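Notes follow once the structure below has been shown.
The values are calculated or read from the model by the stated rules, or taken from the named source; none is laboratory data. As the structure is a computational prediction, the values presented were derived from the model and not from experiment. Note: ideal-geometry Cβ built from the backbone for every residue, glycine included; neighbour counts use all protein chains shown.
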Amino acid sequence: MGKRGQVTIFIIIGIAIIAIGVLIYAFYPQIQSLIKPESKNPAAFMQTCLEDEIEDTVEILSLQGGSVAPEHYLLYQDEKLEYLCYTNENYRTCVVQQPMLKSHIESEIEREISPVVNTCFEDLKESYEDQGYDVDIEVGDMVTELLPENIVTTLTHKLTLTKGDTEIYESFRIVLDNNLYKLVSIANSIIDWEASYGDVDPSTYMSYYHGLKVEKLNQEEGSTLYILTDKDTENKFQFASRSVAWPIGY
Amino acid sequence: MNKRILTFILIFFLILLIGFVHAQNSYCCEKTTYGAYCQQEVDVSKCSTAIKNPNTNETYQKAPTSCESTSYCKLGTCVNVDEGLCLENTPQITCEKEDGNWYDKDANELPQCQLGCCLLGDQAAFVTQNRCKSLSSLYGLETIFRNDIVNEFVCIASATSDAKGACVTEKDYERTCNLLTKRECQALEESSTDVIIEFHEGYLCSADELATNCGPRGGTTCVESEDEVYFLDTCGNLANVYDYSRMSEDDDYWTYIQEPTCSDGFGSAESRECGNCEYYFGSTCKAYRTTNAPAPRYGDYTCIDLDCEDRDFRAKYGRDPQHGEVWCSYTTNKIVRDPLENYLPGAEHYKVKCWEGEIIPEACDPGRATICNETNIIGDFKYASCVLNRWQQCIDQETQEDCLDAESRDCVWIEGYSVLKNDDEYNTEKKLENLNGAEIRASCVPKYPPAALFWEEIGVLQCGIANAGWVLHYKYGLRYTAEGLEERIEDSDDTPFKKCEKAKSENCHVLPGAPDYDKFKVAMPKVCPSLGDCGKSINYMGSGEKGIFSDYVEYGDIES
């Protein structure tokens, strides 16, 4: 290889090194997060660690009438829609199957994310220990609440970080923007109406709540499935009911 | 014994008997094998008794009686104390499995379920006191619960918004402003130190005379739970409703809180200059970029049109549907000329609504148990609802007057053939009384044919009502001549039925029970499909064959 060839190779290698340097400079935060967890404050760490899990759980619950594993359901487009009010008899109003819908959903979220919460605290501990902190975590309770506009999970775990100074975090709040609270309140009202009178006019709800879409789909064997959609956020809640069913041909 | 007492005793025993029969025929399952609670099951194996109720640690119960008479499935009221919600018609088990409080009473008998008026800022809700506390806490408001208001309409009407105005804050010689209620402004004053706070009721923050750092023309915005487009001042406070004509040259419009004056009378949909949207006229505030609406002359928000586009509706009524309009549709997927086409096998009724720019179909009950009924309200604004198809009693009516009693049933009167039969040897047609009092062959049949599960036993029975079959007992083929010799009648024309009728001889006559054949042939194609998805027919998809009435003669006893 001639000197010219060597020079060319050095130039190419040089350009490649510069290019890699530029790329590292440009994408440093992302690259850093790939190598090790972002060194955020603990609250942000827990929010990042848990919000996807909560979001996924909420989506499942919203599409399945509020249960992760519905026991008694109507299959609709491969989704298992839990019966929140049901009677197997014809012409009769339904029996309420899930009167405490909001509490039930809250406990379903808690149950579902509980293992991930432990993993997240372990990751958090590891992350801070890697940064030279002494980390102490006192396990606390978990409370999830559906609130207007968002879902808040509060973890009363006590985190103590020591590296010279000591920082103490008494609790962690993981907030998810989701208006399931409103949709669940409307679902409750629909159940109440179905159990008392057997039929609901979706227009009543849509007139009252602008931006809400209520779809009511009657099924052949007398069941009705409701799909509630918040048109602004595209949040959905769907469930099934069977009340005052009219058998075909009678 | 007094007749009344006798009747009472009879009714009492009848009720007992019904209860007994019901109890004998079905079980009340506390939980079924398919996961439902408190269901009446004929098949006892569907009652779940293998697993335990986690609340009681006992196996789920079952009893050969109605659920109303059991202790474990009696319906009561479930109270969610935290939320202040009361749900009636709830069995104890479903309430307590999620830590609700169950009471064997109606909600109106429980003090914690008494409704009152909860005032939440400028809104009101007719709820329980606990619910009011919960809502007030969620929205960070003081709990104002009025149990003297016992009517929802009065409650909602009592919601008054506190007077708003400019809450001017002066600190270090800088004057800024927030548009608040007097109460909010006072609260701000109480929580602030070293600040001078003034409240100017009815003023906007952009008012020149307040000399704040907030000026006019800070853009436009939508406000939650309101429909109009609002101006903003330069501090981001709400101002009056967007009105381009008053934006630059009307200082008053940026000084005082005012009612909007611009309007086209129909919600100002897609107006480039007016933000006075009205939901019930079919418009509401939205960012114009998220829609196909034209850009407003100022700002990013406009009154979008909530009306819909629908090809079928346009073909039928020559215009597109408006927001809130509801009309009938059928699975025939086409504009039908003969209304009976909406009752073809498989055809279902729908009410379709136009809501916020979307077409939302809602099926009536399956099997045409309810049917769509469309009317005009306010001009040609359509409103449709699914109404009960009251067809069940039609067949049994014996007079035209009862048949056409629209208060009681939905039936039509078809003359020529009677599906009702006399209980006699020949199963002869029962004659019905027409409006003139004459006894004629006629049928009272459903006006809106219900569907029939014609492939199942129930459907066969339903359609079978229209079956008309007679074995014609006639003597045909030979007759005796005057000399006592046998003579053969030629098998020349028509059906045996006709030939026999024609012959009208001693040896060949149609026996009672056979219809008036010509009238029967006219009536049957109407009677048969009226009873449901019966007979030969094109289905709702347009496939199948059109029913052609044909007789089928089976030879009966031919006496020679």
Candidates B:Pro446, B:Pro450, filtered to the one that is closer than 30 Å to B:Ile360 by Cα, in contact with an Asp or Glu (Cβ under 7 Å, 6 or more places away or on another chain) and surrounded by 17 or more Cβ atoms within 10 Å (Cβ to Cβ):
B:Pro446
For the range B:199-208, give me the residue count where each residue is surrounded by fewer than 16 Cβ atoms within 10 Å (Cβ to Cβ) and within 23 Å of B:Asp162 (Cα to Cα).
2
Among the listed residues B:Asn342, B:Asn333, identify the single one that is more than 14 Å from every other protein chain (Cβ to nearest Cβ) and either at pLDDT 90 or above or under 19 Å from the mean Cα position of the chain (by Cα) (or both).
B:Asn342
Just give me the residues in the range B:358-381 being within 12 Å of another protein chain (Cβ to nearest Cβ) and either surrounded by fewer than 12 Cβ atoms within 10 Å (Cβ to Cβ) or hydroxyl-bearing (Ser, Thr, Tyr) (or both), in sequence order.
B:Thr370
Considering each residue of the range A:217-249, count those that are assigned to a strand (DSSP E or B) and more than 23 Å from B:Asp365 (Cα to Cα), and give that number.
3
Would you mention how many residues in the range B:233-246 are farther than 12 Å from B:Gly165 by Cα, of a type in the set (A, V, I, L, M, F, W, C) and in contact with a Pro (Cβ under 8 Å, 6 or more places away or on another chain)?
1
Matching residues in the range B:96-127 - criterion: being over 26 Å from B:Cys73 (Cα atoms) and either among the polar types (S, T, N, Q) or in a loop (DSSP other than H, G, I, E, B) (or both):
B:Gly121, B:Asp122, B:Gln123
Residues that are in a loop (DSSP other than H, G, I, E, B), away from chain A (no Cβ under 14 Å) and at pLDDT 60 or above: does the range B:497-513 have at least one?
no
Determine which member of the set A:Thr224, A:Thr233 is over 29 Å from B:Gln40 (Cβ atoms) and either among the hydroxyl-bearing types (Ser, Thr, Tyr) or at the interface with another protein chain (Cβ under 9 Å from one of its Cβ atoms) (or both).
A:Thr233
Of the residues B:Asp312, B:Asp252, B:Asp264, which single one is outside any loop (DSSP other than H, G, I, E, B) and over 29 Å from B:Pro361 (Cα atoms)?
B:Asp252
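Here is a list: A:Thr229, A:Thr224. Which entry is touching a strand residue (DSSP E or B) at 6+ places or on another chain (Cβ under 7 Å) and within 18 Å of B:Trp355 (Cβ to Cβ)?
Result: A:Thr229 is the single residue among A:Thr229, A:Thr224 that is touching a strand residue (DSSP E or B) at 6+ places or on another chain (Cβ under 7 Å) and within 18 Å of B:Trp355 (Cβ to Cβ).
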If I ask for residues that are more than 28 Å from B:Glu259 (Cα to Cα), in contact (Cβ under 8 Å) with a residue 40 or more places away in the chain and away from chain A (no Cβ under 13 Å), which ones from the range B:129-163 would you list?
B:Gln129, B:Asn130, B:Cys132, B:Lys133
Look through the range A:204-216, keep the residues that are assigned to a helix (DSSP H, G or I) and more than 7 Å from every other protein chain (Cβ to nearest Cβ), and return whichever of them is nearest to the chain's Cα centre (by Cα).
A:Tyr205
Screening B:Ala347, B:Ala315 for residues that are among the aliphatic types (A, V, I, L, M), surrounded by fewer than 20 Cβ atoms within 10 Å (Cβ to Cβ) and away from chain A (no Cβ under 11 Å) leaves only B:Ala315
In the range B:26-54, anything more than 10 Å from chain A (Cβ to nearest Cβ) and within 14 Å of A:Thr87 (Cβ to Cβ) is listed as B:Cys28
For the range A:68-88, how many residues are among the small types (Gly, Ala, Ser) and at the interface with chain B (Cβ under 9 Å from one of its Cβ atoms)?
0
Among the residues of the range B:427-465, what is the count of those that are away from chain A (no Cβ under 14 Å) and either assigned to a strand (DSSP E or B) or closer than 29 Å to A:Trp246 by Cα (or both)?
12
